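The values are calculated or read from the model by the stated rules, or taken from the named source; none is laboratory data. Keep in mind that what you see is a predicted model, and the values were worked out from it rather than measured. Every residue, glycine among them, receives a Cβ derived from its backbone with ideal geometry; neighbour counts consider all protein chains shown. The area values use the complete protein model at the heavy-atom level, side chains included, leaving out ligands, DNA and RNA. Shrake-Rupley method; radii C 1.70, N 1.55, O 1.52, S 1.80 Å.
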Amino acid sequence: MNGSIGFLKSGSIGDGFLIRLNKTVNSESLQIGDFIVVQGDLYDYFGIIEDIRIGSSNEDVFFNPPENKVQRIAVKGAITFSEVLVTPYLMIEKSTNRVVTIKTIPEHFSDARKANERDIRIVFGGNAEKAFHVGSPLTMDERIYIDLEKLAKRNNAIFGITGSGKTFLGRIIFSGLIKHDVASLLIFDMHNEYGQFAKSEKKGKLKSLKGLFGTKVKVFDVSDKNSNADDFIKIPYGDIAAADIAMLSFLLSYSQHSEETAWIINKRFGDKWLKHVEELRSATEAEIEEKAKEWGVNSSSLSALIRHLDKLLSLDFIQNIKEDSSVQKILRYLKNGTSVVVQFSGKYANNPLAYFTVANIITRRIHELYASASEEERNKRIMIVVEEAHKLLSSDIKDKNIFGTIAREMRKYNVTLFVIDQRPSEIDSEVLSQVGTRFVMQLMDEKDMDAVFQGVGGGSRLKKILRTLQPQEVLLFGYAVMAPVPMRVREYNESFFKEVSESVSAPSAEDADELY
Amino acid sequence: MKHIGEVITVRSDVLVAEGERSALPPLGTILKSDRGVLCLVVSHSIDNKIPGRMPIAYGKSIEQLEREQPQVFALMKWMFQAIPFGTLSEGSVELFLNKVVEIHTLLFETRKEERDLIFKELRFFDFLFSIDKSVFPQRDKIIVSLINAYLNDLLEVKEDEYVRIFSYISKILRNDYQTLKYIMDGVSI
Ligand SMILES: Nc1ncnc2c1ncn2[C@@H]1O[C@H](COP(=O)(O)OP(=O)(O)OP(=O)(O)O)[C@@H](O)[C@H]1O
Ligand SMILES: [Mg+2]
């Protein structure tokens, strides 16, 4: 039969379909993660190879094994055999090509084959209006699309170890979201990879989002060293609350005492509190002691607080100014459908304190302003992208900062999170459960693997697939896709640039030719 | 064409045929009758022509005896047993016996093309392995020589035929790997 690899031997919806391979099919021609179709009478059953095994029906064969290749081939099928275990996910109704989740199973001996282009097109073909090509099946060149509208409705995450390709995948998805006007992105760009240029380990300098989309993307920087920046970020003292600082305690070596002291001062002076503390940076012991008495705090705790805040107050984009004009500008852009990339150049490159302070405070301000805007004004969806998000979303601090709130309330204000992280196990499990679509790339740590599948039906099976992933490959599952998809992320290269920077509505060259 | 033997006893599962001295068909030979019945030679025997006569020992070599007492041989008949398994008609093989084999039917050699036709039918191997080994202990050797003879005559890729035949035999013998291995090892390509 055409492309048949074997037949359905046994199975169930819950345990998967066991396919006995034809003797002419070499088990090595199949891989974990391959898409398989089992052909029933009414439906084609679409699934993924979860395991491959070899077995024998007569153990005698091992006492006197076949001597050569022909003998081995001869006994295969009757005495030795190969089987693949396929987890079924979807059914394609043959008469209509309608795709539905798995609800029944085909009969014994139904023919199994590798999914072909047509199947892939039906299942991942992006019939959606805003479908975007993100990759291909691991062992095929067919295109896999995702529905960007669906994706943007929930929180999303990319997980993977360093070098697995998270940033490149992220940039591909963001390109789609920008090109199709699905959401305004606010990207906190820790390593300066989403602005004008991207760095590639293999190819050196490449175009990045601003390079591709021009005025649809604005770059803000905390440092004025960035010549590609459209604007610069200034954070007024008044925008920083004691709560923000508590959240940064892992970077400020902040103690419980300092935290309490900050709370008291914040309470007493409102948004002027940091200014008051700042004024004490050059104060003498005696002056501090006097202030402590006046404010009703312990004087050694106050000294400690001043010391701990020193690192923060030395960030020169935190200034004694009234208005947070950069936040207002960012918000205006986002409302307009322009995406904003916040970068950290010069001395703030790879500076976690600068990164988390800015990400936290800007996000909180944007969220406040957006949440208080009328529903009409909120019609643009905002997607906030943070890297190393586990630092902001760990169990101990997720309730103390805005990211935990956004994760929970994503749909209320039309603001969602897009998290990029290496350590999913360190993200609070409740927050993880709010992640609609997960892009899981190579992971090494068992805890991290377990974390990404927490609460996911059939997680232990998907874990087998995850273990086989190479760099630049991803296992994608959740809200935006009908079935889990192991895939090779498409190349981020010239042809990608060409495709996304073509204007959506402009006529193509061929159309133009026909017109004249 | 000269016949190889003549059927002198018919039982449902075995024919006994009389042949000629020193011209008995080897075990594993496939013969056909003039009416197309196919049978496989599975054993040989020699018996007296005169019922009740008991041969005696002479203590001489065969050659000497032939010279000095030729009547001793003239009083004997040379026989072989063959199991009928199908019929041949107009270039096709039916692995099913739908004709009674008449007594005194003459048996002839089959041609290569006819044997090829038989080997195309994998059910032929079902017949071979249905032969009772306790009655015909040479069965497996017969099968080995039969397959060897067939493969030897082939011009095309022997490996493919080997795989085709043994894939089928593996199914028949899936619970008797020892026999399967014996036969596979005996067949050379
Ligand atoms: N889709 C892709 N197209 C082209 N090259 C890619 C792609 N994905 C990954 N690469 C290559 O792999 C390298 C590592 O990818 P990337 O920077 O995205 O890893 P990462 O997971 O973000 O790592 P880190 O956690 O260290 O930031 C890139 O520099 C690039 O050379
Ligand atoms: Mg990265």
Can you find, within the range A:109-125, the residue that is modelled with the lowest pLDDT among those that are of a type in the set (K, R) and outside any strand (DSSP E or B)? A:R121
Can you tell me which residue within the range A:29-51, out of those that are open to solvent by 40 Å² or more (accessible area, probe 1.4 Å) and modelled with pLDDT of 95 or more, is farthest from the chain's Cα centre (by Cα)? A:D41
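Report those helices (runs of 4 or more DSSP H) wholly inside the range A:308-399 carrying at least 1 residues which are among the aromatic types (F, W, Y) and in contact with a strand residue (DSSP E or B) (Cβ under 7 Å, 6 or more places away or on another chain). Can you show your working first?
Working: elements: A:325-336, A:352-372, A:390-393.
Because the criterion is at least 1 residues that are among the aromatic types (F, W, Y) and in contact with a strand residue (DSSP E or B) (Cβ under 7 Å, 6 or more places away or on another chain), the helices (runs of 4 or more DSSP H) in the range A:308-399 that meet it are A:325-336, A:352-372.
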Within the range B:161-189, which residues are over 12 Å from B:F119 (Cα atoms) and more than 9 Å from chain A (Cβ to nearest Cβ)? B:T179, B:Y182, B:I183, B:G186, B:V187, B:S188
Of the residues that make up the range B:105-121, is at least one modelled with pLDDT of 95 or more, open to solvent by 50 Å² or more (accessible area, probe 1.4 Å) and among the basic types (K, R)? no
Being farther than 26 Å from A:T96 by Cβ and in contact with a strand residue (DSSP E or B) (Cβ under 9 Å, 6 or more places away or on another chain) is true for just one of A:G77, A:G3, A:G14, A:G47. Which residue is that? A:G77
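Quick check on my filter: what residues within the range A:166-203 are of a type in the set (F, W, Y) and within 12 Å of ligand 1 (Cβ to nearest atom)? Let's see the steps before the verdict.
In the first step, residues of the range A:166-203 are kept if they are of a type in the set (F, W, Y); the result is A:168, A:174, A:188, A:194, A:197.
Matches in the range A:166-203: A:F168, A:Y194.
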All conditions in (1) surrounded by fewer than 12 Cβ atoms within 10 Å (Cβ to Cβ); (2) under 19 Å from the mean Cα position of the chain (by Cα); (3) within 25 Å of B:Y162 (Cα to Cα) are true of B:V42 except (1)
If the Cβ limit is 9 Å and pairs must be 6+ apart or interchain, which residue in the range A:489-500 that is of a type in the set (S, T, N, Q) pairs with which residue that is outside any helix (DSSP H, G or I)? A:N493/A:K203; A:N493/A:L206
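Determine if the range A:153-160 includes at least one residue that is more than 26 Å from A:V358 (Cβ to Cβ) and within 14 Å of ligand 1 (Cβ to nearest atom).
Applying the first criterion (more than 26 Å from A:V358 (Cβ to Cβ)) to the range A:153-160 yields A:153.
After this cut, where a residue has to be within 14 Å of ligand 1 (Cβ to nearest atom) as well, the list is none.
No, the conditions are met nowhere in the range A:153-160.
If you take the residues of the range A:40-65 that are part of a strand (DSSP E or B) and among the aliphatic types (A, V, I, L, M), which of them is farthest from B:R174 (Cα to Cα)?
Step by step, filter the range A:40-65, then rank; the result is A:I48.
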Do we find a residue being in contact (Cβ under 8 Å) with a residue 40 or more places away in the chain, touching an Asp or Glu at 6+ places or on another chain (Cβ under 7 Å) and in a strand (DSSP E or B) anywhere in the range A:405-416? no
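Can you find even one residue in the range A:73-83 that is surrounded by fewer than 17 Cβ atoms within 10 Å (Cβ to Cβ), within 14 Å of chain B (Cβ to nearest Cβ) and farther than 24 Å from A:I32 by Cβ?
Step one: filter the range A:73-83 for residues surrounded by fewer than 17 Cβ atoms within 10 Å (Cβ to Cβ), giving none.
Scanning the range A:73-83, I find no residue that is surrounded by fewer than 17 Cβ atoms within 10 Å (Cβ to Cβ), within 14 Å of chain B (Cβ to nearest Cβ) and farther than 24 Å from A:I32 by Cβ, so the answer is no.
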Mind listing whichever residues of the range A:252-278 are in a loop (DSSP other than H, G, I, E, B) and open to solvent by 50 Å² or more (accessible area, probe 1.4 Å)? A:S253
Under 7 Å between Cβ atoms, at least 6 apart or on separate chains: pull out the pairs that start in the range B:42-61 with a residue that is within 23 Å of B:A82 (Cα to Cα) and end on any residue that is among the basic types (K, R). B:D47/B:K77; B:K49/B:K77
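Is it the case, given these coordinates, that A:G436 is of a type outside the set (V, I, T) and free of Cβ contacts under 8 Å to residues at least 40 places away in the same chain?
On the way: of a type outside the set (V, I, T): yes; free of Cβ contacts under 8 Å to residues at least 40 places away in the same chain: no.
No.
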For the range B:1-39, give me the residue count where each residue is under 15 Å from B:M76 (Cβ atoms) and either assigned to a loop (DSSP other than H, G, I, E, B) or open to solvent by 70 Å² or more (accessible area, probe 1.4 Å) (or both). 5
